[in-house]
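Below: one structure, written as C-alpha cells.
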Amino acid sequence: MALTKNPSILAWLEEKIALVQPDSVVWIDGSEAQLDALRAQALASGELLKLNDEKLPDCYLHRTAVNDVARVEHRTFICTPTEAQAGPTNNWKDPAEAYELLYNIARGSYKGRTAYVIPYSMGPVGSPLAKAGIELTDSIYVVLNMAIMTRIGQAVLDVLGDSNDWVRGLHCRCNIDEEQRYICQFPQDNTIISVNSGYGGNVLLGKKCFALRIASYQGKQEGWQAEHMLILGVENPQGEVRYICAAFPSACGKTNLAMLIPPEGYLKAGYKVWTVGDDIAWIRKGTDGRLWAINPENGFFGVAPGTNAHSNYNALASARQGTIFTNVALNLDDNTVWWEGLDKNPPAHAIDWKGNPWDGTTSSENGAHPNSRFTAPAKNCPCISSEFEAQQGVPISAFVFGGRRAKLAPLVYQSRTWNHGVFVGAIMASETTAAASGAVGVVRRDPMAMLPFCGYNMGDYWQHWIDIGASLDPDKAPKIFNVNWFRKSDAGKFLWPGFGDNLRVLDWILDRCAGKADADETSIGYIPKAADLNLTGLEDEVGDAQLAELLSVDPALWQTEVEGIETFFGKFGDKLPAALQAELDTLKANLA
Ligand code: OXD
Ligand code: MN
C-alpha cells in the first residue's frame with residue numbers, strides 16, 4: 001500500500017512501475033522489522049553474507065560483479081537542454097534522446113523481481129536545509145545501504161506532504177552490462193536514472209547523483225551550495241568549537257581528516273575534533289549572515305583499503321557494527337573481513353573480493369578490491385559531532401581546498417580575498433598516484449573536487465561561488481585556504497607526517513580566522529610564519545630546514561602551473577568569470 005497521497009509521487013511511480021513491470025511493489029517504511037526481513041531475504045539469496053556476530057554485530061558482506069566496482073565517469077551524463085549548460089567538463093546527452101535510450105533499457109527490466117520504493121531525506125528530516133528523494137530500485141543491497149546512508153521511511157513522506165520538491169530516482173540493475181551502463185542526471189527535471197550497475201556510487205542515488213550533481217544545480221537556482229566537502233569541528237581547551245569545510249579530490253584522505261585524532265600535545269591540552277560529515281556539505285546563509293552547513297548524509301561510504309587504527313581509528317570503530325562491507329576479503333577462520341592496509345596479518349584461509357579462495361600470506365593478488373567499501377552508520381562514530389542532527393547545521397569559519405602536489409603547493413596558504421579563494425579552489429589539481437591506473441604524477445585538474453560532480457557548467461558554478469561571496473559581509477564570510485599534505489623532498493620522501501598532525505595546520509587556519517596569527521605575503525597568498533605553527537612534539541620529524549621547504553614557493557614551478565591553468569580556463573570561453581581571469585592576471589603579475 002502506498003505510504004503517501006502526494007499526487008506527484010503517485011503519478012511518477014505509476015508511470016515508472018508500468019515501464020519496469022515488477023512482480024510486486026514494496027514501500028520502504030523505515031521500520032527495523034521490514035529491514036530485518038529484507039536482510040533475511042538477501043542472506044537466503046546469497047546477495048549478502050552474515051559476518052561474525054560477536055566481532056562484527058549486524059554486519060554483512062556483499063560482492064558486486066567484477067565488472068562493476070567503481071563510479072564510471074565516462075558513462076555519467078548531465079542531460080541539460082543544451083550542451084553548453086553541462087559545460088566542457090561534463091559528458092552531455094540531449095534529454096529527449098537520453099530518456100528514450102534509458103527507457104528502452106529499463107522497459108520490463110524488473111520482470112520477476114520486486115520494486116522497492118525508498119522515500120529518503122538528504123539532511124535531518126524537517127531541516128530547512130534538507131531535501132527529499134524517492135529511489136525506485138530492484139536491489140535489496142541498495143535499500144539496505146540507503147537505510148544507512150540516508151534517513152528513510154514514513155517520516156520523510158510526512159514532512160514532504162504534497163510538495164513537488166523531491167528528486168526522482170530510478171535504478172535498474174538489468175544485467176550489469178558495462179556497455180549499457182548509464183548514470184544520467186536531468187537537473188531541470190530533478191531526475192536521476194541509473195541502469196546496469198549495482199555498485200554504491202552509481203546506485204545509492206542520494207549520494208553523488210542527488211546530493212552533488214542535482215543539488216549543485218538546485219543550489220545555483222535557490223542561492224545555496226552543494227559541495228564535495230567534509231565538515232569538522234575543532235574544540236579548543238576553552239570548549240569553543242569552530243567548524244571547517246574541506247574539499248579534496250577522491251583518494252586524498254577526506255574521511256581521515258574528518259575523523260582525525262589530535263596529536264598527543266593537543267589531546268593533553270584539551271583539544272577535540274568532532275565529525276559532522278566526511279564527503280558532502282550543503283551550505284546556506286543563516287539569519288546571522290554567516291554560512292551554515294549540514295551533512296546531507298547519515299552514514300559513511302568509506303574506502304576500506306588503507307583504513308587502520310593509525311590512519312583512521314574512528315572510521316574503523318564506526319565500521320564494527322551495523323555495517324555493510326562491499327568487495328573486501330572474507331577471513332574464513334573467524335568469518336570477519338580483511339583488506340590491504342588493515343594490519344600486517346592477512347588471513348591465509350580467505351575468499352577474495354571476486355569470490356575465489358585466497359591465501360593472503362602467499363598470494364600476490366589483492367584480497368580486497370582497491371575501491372572496496374564500508375557503509376557505516378554515522379551514529380557509530382566515536383567522534384560524531386553533537387550537532388550532527390542540528391536542523392540549522394553548523395557555522396563555517398573556513399573553507400579548505402587541497403590536493404596531492406609533490407612540489408608545487410606549500411603545506412598551507414591563505415587566499416588574500418574571497419575571490420582569490422574561489423580562484424584557489426578553481427585551480428585545484430592532484431597528481432595521480434600508483435593506486436590508479438595510468439601514468440604516475442600526471443596533473444588532473446579537479447576544481448573544488450567537483451570535476452565529476454558538478455551538475456551544470458563549471459564556469460557558471462564558479463560565478464555562483466563569486467556571487468555567494470558578494471552576498472556576504474566580509475567579516476562573516478569564511479576565510480579560504482589551500483593545504484597540501486603530500487609535499488615531497490627531492491629524494492621523494494613525504495615532508496609532512498599527515499594524519500593527526502594535520503590538526504597543527506587547522507589550528508593555524510583557525511587562528512588566522514580569529515585574527516590571532518600573523519603571516520607572510522607571497523605571490524600566491526599568505527603563508528604561516530614558521531614560529532606560528534605549533535610543532536611541539538614533532539621537532540625530531542620536522543626540523544627548521546624541512547619546515548622551510550614545506551612552506552616554500554618555487555616561482556619557476558608556478559610559472560609552469562600558470563600555463564596549465566590558462567589551458568584549462570581556456571576551455572570555458574566566455575563562461576570563465578571575469579573575476580577569475582583577473583585573479584589569474586594578478587598571479588602572473590606577482591610571479592613576473
Ligand atoms: C567518493 C568519491 O566515493 O569521491 O566519495 O569518489
Ligand atoms: Mn567523495
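How many of the residues making up segment 40-76 are more than 30 Å from Gln185 (Cβ to Cβ) and part of a loop (DSSP other than H, G, I, E, B)?
10
Examine segment 488-507 for a residue that is in contact with a Ser or Thr (Cβ under 8 Å, 6 or more places away or on another chain), in a loop (DSSP other than H, G, I, E, B) and closer than 28 Å to Pro262 by Cβ, and state whether such a residue exists.
Among the residues of segment 488-507, at least one is in contact with a Ser or Thr (Cβ under 8 Å, 6 or more places away or on another chain), in a loop (DSSP other than H, G, I, E, B) and closer than 28 Å to Pro262 by Cβ, which makes the answer yes.
Output the number of residues of segment 77-93 satisfying the condition of being open to solvent by 20 Å² or more (accessible area, probe 1.4 Å) and not in a loop (DSSP other than H, G, I, E, B).
5
Looking at segment 417-432, can you tell me whether even one residue there is open to solvent by 40 Å² or more (accessible area, probe 1.4 Å), in the same structural domain as Asp554 (by TED's automatic domain parsing), within 20 Å of the chain's Cα centre (by Cα) and within 16 Å of ligand 2 (Cβ to nearest atom)?
Taking every residue of segment 417-432 in turn, none turns out to be open to solvent by 40 Å² or more (accessible area, probe 1.4 Å), in the same structural domain as Asp554 (by TED's automatic domain parsing), within 20 Å of the chain's Cα centre (by Cα) and within 16 Å of ligand 2 (Cβ to nearest atom).
Across segment 43-65, which residue is nearest to Asn356 (Cα to Cα) among those that are in contact with a helix residue (DSSP H, G or I) (Cβ under 8 Å, 6 or more places away or on another chain) and surrounded by 21 or more Cβ atoms within 10 Å (Cβ to Cβ)?
Among those that are in contact with a helix residue (DSSP H, G or I) (Cβ under 8 Å, 6 or more places away or on another chain) and surrounded by 21 or more Cβ atoms within 10 Å (Cβ to Cβ), it is His62.
Which pairs do you get when a residue that is within 15 Å of Gly219 (Cα to Cα), found in segment 445-460, comes within reach of a residue that is open to solvent by less than 10 Å² (accessible area, probe 1.4 Å) and within 11 Å of ligand 2 (Cβ to nearest atom), reach meaning Cβ atoms under 6 angstrom, with the pair 6+ apart or on two chains?
Short answer, once both residue conditions are applied: Met450/His228; Phe453/Leu212; Phe453/His228.
Is it true that some residue in segment 179-191 is closer than 19 Å to Ala11 by Cβ, touching a residue at least 40 places away in the same chain (Cβ under 8 Å) and surrounded by 20 or more Cβ atoms within 10 Å (Cβ to Cβ)?
Taking every residue of segment 179-191 in turn, at least one turns out to be closer than 19 Å to Ala11 by Cβ, touching a residue at least 40 places away in the same chain (Cβ under 8 Å) and surrounded by 20 or more Cβ atoms within 10 Å (Cβ to Cβ).
If we scan segment 150-171, do we find a residue that is in the same structural domain as Glu97 (by TED's automatic domain parsing), surrounded by 21 or more Cβ atoms within 10 Å (Cβ to Cβ) and within 16 Å of ligand 1 (Cβ to nearest atom)?
There is at least one residue in segment 150-171 that is in the same structural domain as Glu97 (by TED's automatic domain parsing), surrounded by 21 or more Cβ atoms within 10 Å (Cβ to Cβ) and within 16 Å of ligand 1 (Cβ to nearest atom).
The values are calculated or read from the model by the stated rules, or taken from the named source; none is laboratory data. In this text, all values refer to a predicted model and were calculated from it rather than measured experimentally. For neighbour counting, all protein chains shown are included, and Cβ atoms are generated from backbone atoms with ideal geometry for every residue, glycine included. Heavy atoms of the whole protein, side chains included, go into the accessibility calculation; ligands, DNA and RNA do not. Shrake-Rupley method; radii C 1.70, N 1.55, O 1.52, S 1.80 Å.
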